[in-house]
Ligand code: HEM
């Protein structure tokens with residue numbers, strides 16, 4: 001598997017982790033004494049999504065600059 005495919009797969013699966021962490025955060029808010037650190041849980045996958053997403057965004061342009069064809 002090449003590097004670009006790997007980043008796309010990472011982005012796809014981390015997006016699921018992000019959704020799960022959001023659900024956990026919403027359930028935590030509904031509790032009487034919520035554990036505050038749970039509110040910050042989605043920030044971890046979101047940070048990963050930001051960087052892998054920016055990579056995926058730049059990919060077709062970088063390929064074009066190098067004179068290749070974006071797939
Ligand atoms: C945080 C900033 C984010 C950026 C900059 C970003 C950017 C991108 C880009 C550029 C693509 C590729 C589009 C393409 O060329 O087809 C992509 C795909 C995708 N994004 Fe994001 N994204 C972000 C966050 C998210 C979030 C929050 C989710 C969902 C919870 C998400 C889910 C997905 C999925 C499922 C794909 C398709 C992946 C695939 O092709 O297998 N992204 N994103």
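Tabulated results
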| quantity | calculated |
| --- | --- |
| Length-normalised contact order of the chain in % [C-alpha pairs under 8 Å, at least 6 apart] | 36 |
| Two-site label geometry, residue 51 and residue 26: point separation in nm, points 7 Å out along Cα→Cβ | 2.8 |
| Hull volume in cubic angstrom per residue (convex hull over the Cα atoms of the chain) | 77 |
| Highest-first arrangement of 9-18, 34-43, where packing means the average Cβ count within 10 Å | 9-18, 34-43 |
| Difference of contour (0.36 nm per residue) and Cα-Cα distance, residue 3 to residue 15 | 2.5 nm |
| Linear extension gain, residue 36 paired with residue 66, 0.36 nm per residue minus alpha-carbon span | 6.1 nm |
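Bear in mind these aren't lab numbers, they're just calculated from the coordinates by the rules spelled out. All values reported here derive from a predicted model rather than from experimental measurement. A quick note on method: Cβ atoms are made from the backbone with ideal geometry, for glycine too, and the neighbour counts reach across all protein chains shown.
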